[in-house]
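Participant: Below: one structure in structure tokens.
All of the numbers you see were taken from the coordinates with simple rules; none came from a lab. Bear in mind the structure is a predicted one, so any value in this text is a computation, not a measurement. Cβ coordinates were reconstructed from backbone atoms using ideal geometry, including for glycine residues, and neighbour counts include every protein chain displayed.
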């Protein structure tokens, strides 16, 4: 037992004695030195190997990044902040409209506008060492070096948030070690210049995060929060933040929405939900969540937070978004061109230059998050769209043949009546609202701002009456002709109210007569009145428009937009100054700098007196003229003055009216010009358009009554006076005019108050011939003339008489004349008599210069009959014949003779002079029945100086 117990001790003693022996110590020293030397050699080789590898690696790394420029802090800042962000659009009063239509929806915010849960979720998921590293994680770098040296496939995973930011903003997504090396270098440099908050903020603003509920691509957490959950990024809950934080790995796989903006099926949502749970797990592992918060978020049904399909602003307000974009591009292109040293006029004259800067401006607007503030009143705009959508009186659709340009195939579609309208504030030019059309999906043309149509009679006050007042050519009481005329072969017609013979300017505009307007226009056309249209913003006029008479009736070659037409009418409300309408109030750059602010720049067009005279007449258009249908259709009262308009074949219907605050106009017609139905649901086309106008204005009034329906009236300027005048000339009344009962009273510009007494009327002799009434000549036999008042021939020509196609049209309408009748140069041919009972008759002479007839009995003249009287004469016994007399007194040879014989000769009175009764063709009944005889022989010629018959 003892030996066994002492056995371990004995072994230990032998072991220690072995190492204590001199022999062992001798050999151990040799072994120690050998092992140490070998170990030291290995360490040296290892160090040298690593040094060599490191040197080679460093050299290789340097070779990979040798072409990468050394970027300054400012250059890096510019690069990482250079991301696309569409511009914001605003209604008036800073009401947000939405993002400009873009392929990518992004909205930049600062880090303090982001939920802390979101920041934690991103760091926990994408870069757990974000707050410790200097841009790269060493082990990831070593792994990348090892993969390259061992020829393993290069992996792009493991990048820090800083590296991902570099990859997204500066480099490409190329999978190569060359790109990875540059990424590492730039990440280190970025961390050296920027704080962690700056890097994280930028990363969260640039990351692609799938689609929103409109189906639009989104980037940045603010767009994601709004587009997926309908809230701000700062308000994201833990599960919502985790869902968004999971999107960067595979945005379009994890996004909950399809390209159509529809929510994905439960099966398609599952990958995104699993990814959210992965994010929550990493947040818990990183101690960003308590166990309770983690479990609550894990069990939360995130799908109930997904908002339903949401229509993008470009779908809700398509005409408005497009219009604001195009106007903003125009403004920006001008700014960019000026910065490059060009003038605004350079863009107008150089098509290529304009296209270049338009492209640059479009890119700027799509990418650099400008804020575009408009003048559009949201509530007025919304109300007007509702009115148009529910309006029942446009008219019926009509068939229209269209051609497929690709196949050449022709099909027939049903084309509806379209409309355009615009509301403008007079004093500022702000476009408060407009109607672009009835259905943007059917027709994208903006009928308020783009489509050009002839403006019909709404042109008259702009081109004819106001310019003629301004030039002193006419005043409201000036007379014009209103009978058929021909101007250079053009024969304008009145629409509906016939011909009045003579009319004054006020009545002509109120009733919208075409002929007086055309004749007035011809009186000033040599002074190029179309230049007034240029001053009032008409942009489509061409040189031929300045000389064509039909422009007076609203037939410009290229048409006019509703905006231009309505805008021009504001000139009258602005005392004759034109203020160009605008829709962009200001544009603010991303840095908050206002780069554009609209400025009102009035243009003098008419005097205040001209403007007021035109307004005063257009008041009558509404009270008792072509727009009288408006009465009773408005829900409020205001001092409205306006003008209707219709084009050839009633292809367009217009109504424009202005009050002291605003001007509003509407147009109706087909996109492919065709006749609008005269009657539809009991209303004419003009009534339907006026009814629409009233409905739209009423809807605007319900938003801002004080603006749309001011109580005040247009103020009469100094220099407007009331005067009496002769209604056929506009001059001071003469005795002749007063005697004819033609004195009226109207307004005048004091500069053009008549100073001359009326000379349109003359008191003289006239005759009738050829169905007309003409001035007598000095040689005209006095028995055929009548004394009275008549138009002076010179004056008649002045007011357009030279264009009259048939003077009898004027005479038949107005009991005056002013025309002269020319002699045809020969004596008239003899009339042809016929006996009918107790009367002889003859036909009207075919020669138009014949003014009357002389009746002879037994060779003595017994009567003179004017050409407009009954061509018959009651006879007694004796032989009769008749001669024709022309304007200069030439007399025809005698007609055939007729003779009466009596069975018992009546007692002859001692006085042989024919009575007045005979001369006026009244019958004298004989006591006995006469016996008729005729003589074919030619009677004796009359005496040279026959006795003058009594009138």
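Participant: I need the peptides 353-364, 654-665 ranked by packing, meaning the mean over residues of other C-beta atoms within 10 angstrom, with the highest value on top. Please report the intermediate quantities before stating the final value.
Facilitator: Numbers: 353-364: 16.8, 654-665: 25.7.
Ranked by mean Cβ neighbours within 10 Å, highest first: 654-665, 353-364.
Participant: Report the convex hull volume per residue for the range 516-619, counting only C-alpha atoms, in Å³. Please list the in-between numbers first.
Facilitator: Numbers: hull volume 13.5 nm³, N = 104.
Cα-based convex hull of the range 516-619, divided per residue, equals 130 Å³.
Participant: Given R₀ = 41 Å, FRET efficiency for residue 303-residue 441 by Cβ-Cβ distance, to 0.05? Please report the intermediate quantities before stating the final value.
Facilitator: Values: r = 31 Å, r/R0 = 0.76.
According to the calculation, E is roughly 0.85.
Participant: Would you please put 345-351, 695-701 in order of how densely packed they are, using the mean number of other Cβ atoms within 10 angstrom per residue and starting with the highest?
Facilitator: Working: 345-351: 12.4, 695-701: 22.1.
Going by the mean number of other Cβ atoms within 10 Å, highest first, we get 695-701, 345-351.
Participant: Another question, if that's okay. Sorted by mean Cβ packing within 10 Å, highest first, what order do the peptides 586-595, 766-775 take? Spell out each step's value before the answer.
Facilitator: Numbers: 586-595: 13.2, 766-775: 21.7.
The most tightly packed comes first, giving 766-775, 586-595.
Participant: For the residue pair residue 277 and residue 402, what label-to-label distance in nm results when each label sits 7 Å from Cα along the Cα-to-beta-carbon direction?
Facilitator: Between residue 277 and residue 402, the label points sit 5.1 nm apart.
Participant: To continue, here is another question. What is the gain in length, in nm to one decimal, between residue 707 and residue 260 on full extension, counting 0.36 nm per residue of separation less the C-alpha to C-alpha distance?
Facilitator: Details: separation 447, 0.36 × 447 = 160.92 nm, distance 4.16 nm.
Full-extension gain reported as 156.8 nm.
Participant: Further question on the same structure: With the contact rule set at Cα under 8 Å and sequence spacing of 6 or more, what percent relative contact order holds for the range 102-305?
Facilitator: Working: 301 pairs, mean separation 52.0, N = 204.
Taking the mean separation of contacting Cα pairs over the length of the range 102-305, I get 25 percent.
Participant: Can you give me the orientation-averaged projected area of the convex hull built on the Cα atoms of the range 427-469, in nm²?
Facilitator: 4.7
Participant: Sticking with this one: Within the range 655-688, what residues put their amide N at less than 17 Å from the label point 7 Å along the Cα-to-Cβ vector of residue 623?
Facilitator: Counting only backbone N, you get 658-660.
Participant: Which distance in nm do the two modelled labels at residue 131 and residue 195 give, with both placed 7 Å along the Cα-to-Cβ direction?
Facilitator: The modelled label-to-label distance comes out at 1.5 nm.
Participant: Using the beta-carbon distance between residue 79 and residue 409 and R0 = 45 Å, what value does 1/(1 + (r/R0)^6) give for FRET efficiency, to the nearest 0.05? Don't skip to the end; give the middle numbers.
Facilitator: Working: r = 52 Å, r/R0 = 1.16.
That gives a FRET efficiency of 0.30.
Participant: Determine, at each q value in 0.10, 0.12, 0.17 (inverse angstroms), the log₁₀ of I(q)/I(0) that the Debye formula gives when each Cα of the range 669-768 is one equal point scatterer.
Facilitator: Ignoring solvent entirely, the Cα scatterers give -0.67, -0.78, -0.83.
Participant: Something else now. Using 0.36 nm per residue of separation minus the Cα-Cα distance, give me the extension gain between residue 232 and residue 344 in nm, one decimal. Mind showing how you got there, number by number?
Facilitator: On the way: separation 112, 0.36 × 112 = 40.32 nm, distance 4.14 nm.
Net length gain for the segment: 36.2 nm.
Participant: So, one more: Could you give the semi-axes, largest first, of the ellipsoid that matches the range 392-543, computed as the square roots of 5 times the alpha carbon gyration tensor eigenvalues and rounded to whole Å? Could the numbers behind the result be given before it?
Facilitator: Details: eigenvalues 254, 93, 53 Å².
After scaling each eigenvalue by five and taking roots: 36, 22, 16 Å.
Participant: Based on C-alpha coordinates, I'd like the Rg and Dmax of the range 341-469, in Å.
Facilitator: 20.0, 56
Participant: Another question about this same structure. Using a Förster radius of 30 Å, what is the FRET efficiency between residue 832 and residue 782 based on their Cβ-Cβ separation? Nearest 0.05, please. Let's see the in-between values first.
Facilitator: Details: r = 27 Å, r/R0 = 0.89.
Efficiency, from the Cβ-Cβ distance: 0.65.
Participant: With each pseudo-label sitting 7 Å past Cα toward Cβ, what's the residue 290-residue 586 distance in nm, one decimal?
Facilitator: 4.8
Participant: Here's a follow-up. What's the extension gain from residue 546 to residue 268 if we count 0.36 nm per residue and subtract their Cα-Cα distance?
Facilitator: Working: separation 278, 0.36 × 278 = 100.08 nm, distance 6.67 nm.
Going from the current span to full extension adds 93.4 nm.
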